[in-house]
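Computed from the coordinates by the stated procedures, all read-outs in this text should not be read as laboratory data. Given the structure is predicted, the values throughout are model-derived calculations rather than measurements. Here the Cβ positions follow ideal geometry from the backbone for every residue, glycine too, while neighbour counts run over all protein chains shown.
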Amino acid sequence: MSAGVIPGPHPPKDVHSFLVPYDAECAALAVGVRTFNAATRHFFLLRGYTLFELGDIIAIEKSLNVKGHNSACPCRSCEIKGIRNKAGREKLYYVPLTWPDGQFWDPENLPLRSQERLDQALRKFDEISTVLDENAAAKAKDDLAKSHGMKGHPALRRVGCLAYPNSRPWDVMHLFFENVIPNLDRFSNRKYYTHLCELSDIIQGCLRFTSTVDQVNDLRQAIIAWIHKYEEYYYQHLEGRLRVCTLTVHGMVHVPDDILFCGPSWTTWTFFMERFCGVLQAGLRSKRFPWANLNNNVLHVAYLEQLNARYDLEAELSSVSKMQRAAALLPFIPEKIPSFGKLRIVQGNSIRTASACGEGATAERDMSFIRYEIESRPTTTAAWVARISYGRLECVLECRLPLAKELRHLAGKTRLLAVISPCLNTQGKDAALVRTSYRDIGDPIVTDLQAVTAVVGRVETRDRWYIVDRTGGLIRPEFVPEDEDVDNN
Ligand SMILES: [Zn+2]
């Protein structure tokens, strides 16, 4: 359930100002909200607590109100100090375990942050603002921020249920897949390649479904060894190469502690959040009022989620989102689409579409009825199953798609589409095996021509049409245009 979206385009300077309502709700839930228990028919105090705070590196830095990556004390989990390339006059700080001058931070004994240390720093902050004049206070706060890496109180501050900093685990998805891996040299030398493969083992260790403490400790050793090797290969302990020692590489050291405190990394990574952002992005239509558009989108998604939860409508609602996706692609469909009237299945029959048969051509052999198979699944988690259907092939469309990135793998391709009027109520039966009949024909659908697998015959008796299907369903169509058969409309 989305409780709110902070509109862009810039990130908020003070996240707390946006999270005040949520913080207040958390405070109310910690005290207890009077709730009716329908089973026992009694009122009780419902309590709720925030267990974890999850997000990408920047979001968590903002929420914790730390100075963050590139600062002198950049890590949110420990108070390791950064170093900058003074000779190169660079301003950003980096966090190697071994400094160019030989100073060494022991990765197994890092000065971890703790609630006590945070409280101390915050007390100092509060004292400074009461004692000194404004300018001096700002300077003193700046110095304090530099030494502690803190800028003030965390955004969620009223309820003390979030352990600091362990309740904010490092997100493995952003850490490995978006930051560390893209920056690695993969193929120039075998040693780099082997090093990359070792990272793959580490990732698998982080994503293990369940882990024992021993396995996590092994993982810790593997990560430390990997970082030492990384520093040896990429940074080579040279001041001029400091910039490869980013906070994301250092962050790996804290992943085993996060696993011990919060559970395997797959329980706390933020794929779901990225997906939600993708849903919002896909729904953004209005260029003039994007924020109002975004608000509506969030509201409507929440409506649908509530309907789904209340009436168990997963299957129905998944088709709604499919329709929304389809609507987004509509502008890329060409305005004029050539249509064809005849096609031939390789090693099979010719098909003459209903449009090629023409009106009143009943004396001719009707070759427009076909068997088609479309894969579908009842719920989003079920397996895909090919459902056999029968229908009249109305026409075949040749759709040449433009080179637009929204069309993904279909961009620049030509698709042959079949317009089919389905025979109703055949219930997925295979007419080659069991007797299958229909009475009525439904509204046309459009599907990929490859779904059409064979031509079928029909026999009418007692007001019903029985399908004569003589294929084993093994023949796949291949569209062979023949000059004399092409019928460009
Ligand atoms: Zn750290």
Handout entry: Magnitude of the charge dipole, region 94-210, Cβ model with Lys/Arg +1 and Asp/Glu -1, debye to 20
Key = 260 debye
Problem - Calculated [θ] (222 nm, deg cm²/dmol) that DSSP helices of n ≥ 4 give over the chain, each run adding -39,500 (n - 2.57) - result: -10500 deg cm²/dmol
Practice task
Can you tell me the dipole magnitude for region 57-268 around its Cα centre, using point charges on the Cβ only (Lys, Arg +1; Asp, Glu -1), in Debye to the nearest 20?
Solution key: 540 debye
Completion exercise
Protection proxy (average C-beta count within 10 Å per residue), highest first, orders 452-460, 117-125 as 452-460, 117-125
Practice task
Any chance you could check the Cα centroid distance between region 184-245 and region 113-132 for me, in angstrom?
Solution key: 36 Å
Exercise for the section: Just need the relative contact order of the chain here, percent rounded to a whole number, with Cα pairs under 8 Å and 6+ apart. Expected result: 11 percent
Fill in the blank from the handout: For the chain, longest principal axis from Cα atoms; helix 213-230 axis from its Cα atoms; angle between them, nearest 10 degrees, is 80 degrees
Practice task
Report the charge-dipole magnitude of the chain in Debye, nearest 20, computed about the Cα centre from +1 at each Lys and Arg Cβ and -1 at each Asp and Glu Cβ.
Solution key: 460 debye
Handout entry: Pairwise centroid distance, computed over Cα atoms, of region 383-405 with region 51-107, Å
Key = 53 Å
Handout entry: Furthest towards positive pole of dipole, V244, L199, W170, structure part region 57-268, Cβ charges
Key = V244
